[in-house]
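Q: After the structure tokens below, expect a handful of questions from me.
Rule-based calculations on the coordinates, nothing more; no lab input. Everything numeric in this text was worked out from a predicted model, so none of it was measured. We place every Cβ from the backbone using ideal geometry, glycine too, and count neighbours over all the protein chains shown.
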Amino acid sequence: MVELPILIYNLKNGKRRVVFEISGESLPMYFWVVYYLVLIVTFITGFFYLIKNRNIKGIREFTLINLAFTFIFPFVSFHYAIMRTEGNELDYWLQGLSHINLKAYFILISMIVILSWWFIFIKSLNSKKSTSINNQF
């Protein structure tokens, strides 16, 4: 785990004073690299999938919902995680779920939507492959 102290300053009369300090462990760097890569790939793939399959009615709406969640999700999760004073982001999120925090549940719903979209996307790719294989024989 990485310790990240963040100091929030207030400049008053030319003097810097610490308003509050956010510190605590953070998840490892490889987690954040994978996290943002998945979000970027999800957004790009969803965008091109929407353009290619714009005539399929059910998939079009779900892809739009996925794009909205993929865009909003990092901002909400960052804002939620920055409020923590100790522990890492995952611990804080799990604690928020147990305390019925709305932002924690929005993060959970966002993850479910994104994972569901990936499941539907991979399933549609497999069905297209099997259809093209069946057409060859």
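Q: Going 7 Å from the Cα of residue 118 toward and past its Cβ, which residues in segment 24-38 have a backbone nitrogen under 17 Å from where you end up?
A: Label zone hits: 30-38.
Q: In segment 29-130, what is the count of Lys pairs whose alpha carbons are under 24 Å apart, counting only pairs at least 8 residues apart or on separate chains? Mind showing how you got there, number by number?
A: Values: 52/123; 52/128; 52/129; 57/123; 57/128; 57/129.
Value for segment 29-130: 6.
Q: Using amide H atoms built in the peptide plane, which far-off residues or other-chain residues are under 5 Å from residue 87 H to H?
A: 25
Q: Something else: Quick check of the Kirkwood formula: for segment 29-130, what is the inverse mean of 1/r over all pairs of different Cα atoms, in Å? Please list the in-between numbers first.
A: On the way: mean 1/r = 0.0673 Å⁻¹.
Every distinct Cα pair counted, the radius reaches 14.9 Å.
Q: Tell me, in nm to one decimal, what length is gained between residue 82 and residue 57 on full extension, where the rule is 0.36 nm per residue of separation less the Cα-Cα distance? Can you show the working numbers first?
A: On the way: separation 25, 0.36 × 25 = 9.00 nm, distance 3.84 nm.
Between residue 82 and residue 57, full extension yields 5.2 nm more.
Q: Under a point spin-label approximation (7 Å from Cα along Cα-to-Cβ), what is the residue 47-residue 111 distance to one decimal in nm?
A: 2.6 nm
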